[in-house]
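The values are calculated or read from the model by the stated rules, or taken from the named source; none is laboratory data. Everything numeric in this text was worked out from a predicted model, so none of it was measured. All Cβ positions, even for glycine, are placed from backbone atoms using ideal geometry, and neighbour counts span all protein chains on display.
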């Protein structure tokens with residue numbers, strides 16, 4: 001059995017890699033920073049004894065995704081599970097004044113993610129088995145002035161995963177959407193909030209457990225489902241006046 005972790009230099013992805021390796025899965029760990037991916041793979045091998053292989057992965061190099069998936073399966077075997085844990089929040093001021101910067105945020109979080117999912121889904125559908133996990137954000141549940149470029153890309157990815165789940169269900173492939181709230185990562189560094197912030201390890205445990213239960217959509221921490229449920233019910237005439 002094998003699992004591929006894409007965007008594996010994030011703290012959540014590192015913890016996710018360990019969870020699946022502890023189950024005995026061979027692990028492929030991909031990131032733009034290959035040297036760091038190699039260090040993570042070495043750590044996984046030492047801690048679990050499984051076959052852990054590192055490789056280069058670039059979300060926006062979409063033409064390379066089909067060949068990359070083929071190379072991964074040649075290295076660790078047919079993928080039983082794939083976790084897309086990468087993302088780019090961008091810089092708010094830059095995203096609003098330079099569309100090239102905004103486009104990169106969109107391409108990393110949606111276009112590149114969808115491209116990779118299609119490349120992975122092809123093999124899983126042919127085998128009639130597999131789990132594909134897309135890690136998104138509660139930011140995609142409603143457009144807010146503070147991060148609407150990032151949020152719109154994550155929202156589009158969540159809608160894409162919903163359709164992919166509908167298509168692949170009858171083929172024996174499970175697609176899970178993860179909507180994360182505040183987790184202690186680079187993206188939330190310096191954030192001041194009264195809302196509890198989860199650790200990457202807690203998030204990884206939740207993702208791992210939910211995948212085993214074949215959950216369709218996971219909000220984590222769980223209370224974010226209620227928070228976003230309330231936010232989505234606010235009428236637009238009132239919502240547009242808020243500073244969120």
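Of note:
- Checking each residue in segment 78-91 for being at pLDDT 95 or above and either part of a strand (DSSP E or B) or over 17 Å from the mean Cα position of the chain (by Cα) (or both) picks out 78, 81, 82, 83, 84.
- Exactly one residue out of 239, 223 is within 21 Å of residue 15 (Cβ to Cβ), out of contact with any helix residue (DSSP H, G or I) (no Cβ under 7 Å at 6 or more places or on another chain) and at pLDDT below 95: that is 223.
- Candidate set: segment 157-213, residues that are farther than 25 Å from residue 18 by Cβ, at pLDDT 85 or above and out of contact with any helix residue (DSSP H, G or I) (no Cβ under 9 Å at 6 or more places or on another chain); chosen: the one surrounded by the most Cβ atoms within 10 Å (Cβ to Cβ): 165
- Of the residues in segment 70-82, none is in contact with a helix residue (DSSP H, G or I) (Cβ under 9 Å, 6 or more places away or on another chain), surrounded by 19 or more Cβ atoms within 10 Å (Cβ to Cβ) and without any contact (Cβ under 8 Å) to a residue 60 or more places away in the chain.
- For segment 20-45, residues that are in a helix (DSSP H, G or I) and buried (at least 19 other Cβ atoms within 10 Å of the Cβ) total 6.
- Filtered by the rule that a residue be over 16 Å from residue 215 (Cα atoms), within 15 Å of the chain's Cα centre (by Cα) and crowded, with 23+ Cβ neighbours inside 10 Å, segment 118-136 gives a lone residue, 120.
- Selection from segment 46-69 of residues that are part of a strand (DSSP E or B) and surrounded by 15 or more Cβ atoms within 10 Å (Cβ to Cβ): 52, 53, 54, 55
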